[in-house]
Amino acid sequence: MFTEEIKEATLANHQQTEKILVGKMKSMRSVQDYVNILSSFYGYFGGLEQQITRYINQSNLADYEDRRKSEALADDIKALGGTVPQTATNNELPEIDNYLQAFGALYVIEGSTLGGQIISKMVQQHLPLPEGKGLSFFNGYGDDMYQRWGVFKELLNKVANTPADQQIIIAAANDTFAKFKTWLEK
Ligand code: HEM
């Protein structure tokens, strides 16, 4: 299955991203530190989403509109009294010039809902958030997480038709991770 291949091909990048984030979460000392992490996600995921929606919408991913969006990050930032930042610029983002690259980037965004719930628990262990506010993005799809992930993976396996297309998707996913690591560390 293609989805097993892309998981394997992006594993190193996933582990490195996870390590950076766990470090950031362990050093959180205030709600403002958490708002800074949310802002960092908003800048990158928000910019990415603008590029992705040029190629992916309800016509090729039926429930696209209902999927988690960076708007949830903006809501979380505002709920905690922060200011929503600007989004990343094109040179800070991976190249997304066709629907295959868009699917590679979306794989990274949708996959991050799986780790999101772990992130949410870590944040709650480290910080007393007012009335549990500010966790809507990381809580993601809640109990529907695996169902939504299953739907996305099924489509991804159909989209990745030829070996050449598969390589384009994998390269875009790795570039999406790599540029996110750079963004997180800036
Ligand atoms: C503390 C941070 C993170 C932790 C602890 C974490 C943990 C995990 C775990 C446990 C899974 C597998 C879930 C399962 O199959 O049951 C997963 C999958 C995934 N995560 Fe993360 N994650 C983190 C951050 C991220 C971030 C920030 C991104 C994207 C920028 C990301 C992208 C992905 C992707 C694409 C998958 C799907 C892998 C696949 O099955 O193809 N993760 N993550």
| request: Test each condition in (1) modelled with pLDDT under 95; (2) away from the ligand (no atom under 13 Å from the Cβ); (3) surrounded by fewer than 16 Cβ atoms within 10 Å (Cβ to Cβ) for LYS69 and report the one that comes out false. | output: (3)
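Quick grid of which residues meet (1) part of a helix (DSSP H, G or I); (2) within 14 Å of the ligand (Cβ to nearest atom); (3) over 16 Å from the mean Cα position of the chain (by Cα); (4) surrounded by fewer than 17 Cβ atoms within 10 Å (Cβ to Cβ):
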| position | (1), (2), (3), (4) |
| --- | --- |
| GLU131 | yes, no, yes, yes |
| MET145 | yes, yes, no, yes |
| ALA172 | yes, yes, no, no |
| THR182 | yes, yes, no, yes |
| task | Select from the stretch 72-104 the residues that are over 24 Å from VAL35 (Cα atoms) and aliphatic (A, V, I, L, M) and write down the one among them that is surrounded by the fewest Cβ atoms within 10 Å (Cβ to Cβ). | result | LEU100
| When you go through (1) under 16 Å from the mean Cα position of the chain (by Cα); (2) closer than 27 Å to LEU129 by Cα; (3) hydrophobic (A, V, I, L, M, F, W, C) one by one for ALA79, which number turns out not to apply? | (1)
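The values are calculated or read from the model by the stated rules, or taken from the named source; none is laboratory data. Quantities reported herein were computed from a predicted structural model and do not represent experimental measurements. Quick reminder, even Gly has a Cβ in these numbers, built from the backbone with ideal geometry, and neighbours come from all protein chains shown.
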